[in-house]
Amino acid sequence: MYAGRDFDLGGELPASAVALTDDLGLNTLFQAMAGGDEFLFDVARRAVLCSLTVPEEIGYRQRILEDCLKQASVVRQMYDAAVEAVTGSKKIYRGIFSQSPESILRWSLEALQLFTGVLKRLRHIADERAADFRSEGFESLFAMLSRELDDEYFEAVEDHLRQLRFHGGVLLSAELGKGSKGVSYVLRKAERAKQSWLRRLSGDNGSTYTLRINDRDESGHKTLSELRGRGINFAANALAQSTEHILSFFTMLRCELGFYIGCLNVHEQLVPKGEPLCFPASLAADAAALSFHGLYDACLSLRLKERAVGNDADAGNKPLVMITGANQGGKSTFLRSIGVAQLMMQCGMFVPAESFSGSVCERLFTHYRREEDATMESGKLDEELARMNDIADRITPRSIVLFNESFAATNEREGSEIARQIIWALLESGVRIFFVTHLFDLAHSLYLQEADAALFLRAERQSDGQRTFRLAKGGPLPTSYGPDLYERIFGAAPQPAAAAPGTIDRADPGPGAATAPGRG
């Protein structure tokens with residue numbers, strides 16, 4: 001996952017993690033990556049939400065993922081091996097007195113025996129398939145496996161395991177301390193001296209004294225067990241440390257390969273549908289660039305049987321993108337596609353598009369419209385401003401904020417003015433903004449003032465009222481074509497009754513009267 005450090009699965013998530021997950025529908029992506037595995041779900045969630053901000057680090061992961069896509073079966077074999085080692089060690093019985101030297105030694109021996117078999121499989125994969133991988137990450141991993149897991153290593157491990165099982169008993173040395181108590185216990189290596197066959201059969205080597213404890217002497221056996229524990233204590237702890245060290249390697253291998261397994265799972269769900277995926281060109285944050293072709297919402301596509309509609313756009317170096325147009329025209333879906341693609345790019349994944357090039361951001365925030373507060377403790381506008389205040393406390397230059405129908409809880413004039421002030425303040429601070437709105441006053445005023453510094457997109461509507469769910473360049477219109485939805489749900493919209501002769505139609509403001517722009 002990183003060239004010079006390990007992936008931290010237990011670290012804290014960004015403060016905006018919950019809002020990003022809810023507003024962008026990221027649980028769909030996490031579930032697709034996990035494939036029903038809770039561990040993979042946690043890895044996916046952590047990796048996607050904790051974005052990389054250095055293009056070189058993103059490229060490092062992308063090259064590893066390219067190898068994974070080309071050698072998917074090999075990568076899955078390695079991941080399965082790591083899972084077998086981690087889960088298998090948890091199944092080994094530690095005993096009731098798990099902290100006793102005997103229990104520690106027994107668990108370590110069984111776990112190390114399991115790990116040795118798995119390490120041999122990894123070494124075999126490295127020997128057979130290393131030449132098929134090109135990324136720095138896999139080259140470094142395979143080189144380490146070949147260098148450190150040579151034949152001499154496995155021979156030494158097998159020899160130590162054989163000796164530490166103490167089939168011939170435990171050889172200890174000790175000194176007498178105060179009160180004739182044993183101190184300085186040391187485990188000795190048993191040397192097999194050459195003996196005649198008669199002496200081996202009789203068990204007499206002529207140089208030792210033997211004390212036999214009666215089978216019913218519980219106190220004697222307990223004392224003997226304590227002596228044995230003191231003698232093997234250091235060996236058991238040393239073996240346990242070595243075993244834990246190898247277990248930590250498998251744990252990290254499982255974690256880091258788990259991210260790429262998640263990417264393979266998503267790839268295997270989208271590509272058969274004909275959905276395009278590409279490796280994006282990630283640029284430095286200060287470039288503020290964005291260009292894409294065929295960008296679609298991956299989370300939406302994962303929920304549909306058919307393909308999702310893609311969009312094209314080139315924002316250049318414009319820090320503001322305003323999105324307006326017909327109701328139910330795909331504006332919110334497009335905004336989600338931007339956010340999801342940004343996160344996928346910045347965690348080193350492929351992006352749901354035919355081509356994608358964009359600048360990384362230091363932080364990503366969403367400010368979406370929420371439902372009415374059921375507790376009635378505050379109004380919708382209060383809640384929106386409170387969330388905006390939280391974002392302002394955490395935002396940094398070169399961040400991105402996605403606004404969806406924000407500040408529409410009040411009248412159009414007030415909502416537009418609040419949004420304008422916030423937009424200008426963020427732009428002056430070096431923040432990039434994507435804003436979906438039906439506030440014509442807001443969009444139109446920005447179009448007149450910021451036409452050259454912003455990209456204005458409008459959801460398409462065909463002449464018969466049908467939506468294409470595509471966005472094209474275009475300024476805001478004073479309507480969102482709300483009657484289209486009315487007719488689709490309720491039938492033809494009712495026509496206003498004609499005014500009787502000689503009466504004044506109070507709905508008609510009269511010639512020359514000023515009118516507020518309609519929201520449709």
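Going by the structure shown, is residue 343 under 30 Å from residue 256 (Cα atoms), hydrophobic (A, V, I, L, M, F, W, C) and touching a strand residue (DSSP E or B) at 6+ places or on another chain (Cβ under 6 Å)?
Details: under 30 Å from residue 256 (Cα atoms): yes; hydrophobic (A, V, I, L, M, F, W, C): yes; touching a strand residue (DSSP E or B) at 6+ places or on another chain (Cβ under 6 Å): no.
In short, no.
Restricted to the range 436-455, and to residues there that are hydrophobic (A, V, I, L, M, F, W, C) and farther than 18 Å from residue 359 by Cβ, the residue that is most open to solvent (accessible area, probe 1.4 Å) is 448.
Yes or no: residue 75 modelled with pLDDT of 95 or more, open to solvent by less than 40 Å² (accessible area, probe 1.4 Å) and more than 29 Å from residue 278 (Cα to Cα)? No: the conditions fail for residue 75. For residue 115, the criteria (1) open to solvent by 20 Å² or more (accessible area, probe 1.4 Å); (2) modelled with pLDDT of 95 or more hold in every case but one, which is (1).
Going through the range 324-337 one residue at a time, which ones are open to solvent by less than 10 Å² (accessible area, probe 1.4 Å) and more than 20 Å from residue 466 (Cβ to Cβ)? Correct list: 335, 337.
Hey, does the range 357-379 have a residue that's without any contact (Cβ under 8 Å) to a residue 12 or more places away in the chain and hydrophobic (A, V, I, L, M, F, W, C)? Taking every residue of the range 357-379 in turn, at least one turns out to be without any contact (Cβ under 8 Å) to a residue 12 or more places away in the chain and hydrophobic (A, V, I, L, M, F, W, C).
Taking the range 42-67 as the range and being of a type in the set (Gly, Ala, Ser) and at pLDDT 95 or above as the test, the residues that pass are 44, 47, 59. When residue 18 is tested against (1) farther than 24 Å from residue 127 by Cα; (2) of a type in the set (A, V, I, L, M, F, W, C); (3) buried (at least 18 other Cβ atoms within 10 Å of the Cβ), only condition (3) is not met. When each of 257, 239, 253 is tested for being open to solvent by less than 50 Å² (accessible area, probe 1.4 Å), touching a helix residue (DSSP H, G or I) at 6+ places or on another chain (Cβ under 7 Å), at pLDDT below 95 and over 30 Å from residue 475 (Cβ atoms), the lone residue that passes is 239.
Scanning the range 309-323 for residues that are open to solvent by less than 20 Å² (accessible area, probe 1.4 Å) and either assigned to a helix (DSSP H, G or I) or at pLDDT below 95 (or both) returns a single hit, 315. Taking the numbered list (1) among the acidic types (Asp, Glu); (2) farther than 28 Å from residue 26 by Cα; (3) exposed (fewer than 14 other Cβ atoms within 10 Å of the Cβ) in turn, residue 110 passes all entries but (3).
With the requirement that a residue be outside any helix (DSSP H, G or I) and within 22 Å of residue 84 (Cα to Cα), what does the range 105-157 give you? Full working, then the answer.
Step one: list which residues in the range 105-157 are outside any helix (DSSP H, G or I), which gives 133-135, 149-150.
Passing the criteria: 149, 150.
Which is within 24 Å of residue 4 (Cα to Cα), touching a helix residue (DSSP H, G or I) at 6+ places or on another chain (Cβ under 9 Å), surrounded by fewer than 20 Cβ atoms within 10 Å (Cβ to Cβ) and charged (D, E, K, R), of 61, 123? If you could, list the steps in order and put the result at the bottom.
Numbers: 61 fails: surrounded by fewer than 20 Cβ atoms within 10 Å (Cβ to Cβ).
None of the others qualify; the one that does is 123.
If we scan the range 25-36, do we find a residue that is assigned to a loop (DSSP other than H, G, I, E, B), under 24 Å from residue 138 (Cα atoms) and open to solvent by less than 60 Å² (accessible area, probe 1.4 Å)? Within the range 25-36, not a single residue is assigned to a loop (DSSP other than H, G, I, E, B), under 24 Å from residue 138 (Cα atoms) and open to solvent by less than 60 Å² (accessible area, probe 1.4 Å). Look at (1) surrounded by 20 or more Cβ atoms within 10 Å (Cβ to Cβ); (2) in a loop (DSSP other than H, G, I, E, B); (3) not hydrophobic (A, V, I, L, M, F, W, C) and you find that residue 301 fails only one, number (2).
The values are calculated or read from the model by the stated rules, or taken from the named source; none is laboratory data. Computed from a prediction, not measured in an experiment: that's the story for all the values here. Positions of Cβ are backbone-derived with ideal geometry, glycine not excepted, and every protein chain shown enters the neighbour counts. Note: accessible area is taken over every heavy atom of the protein model, side chains too, but ligands, DNA and RNA are not part of it. Shrake-Rupley method; radii C 1.70, N 1.55, O 1.52, S 1.80 Å.
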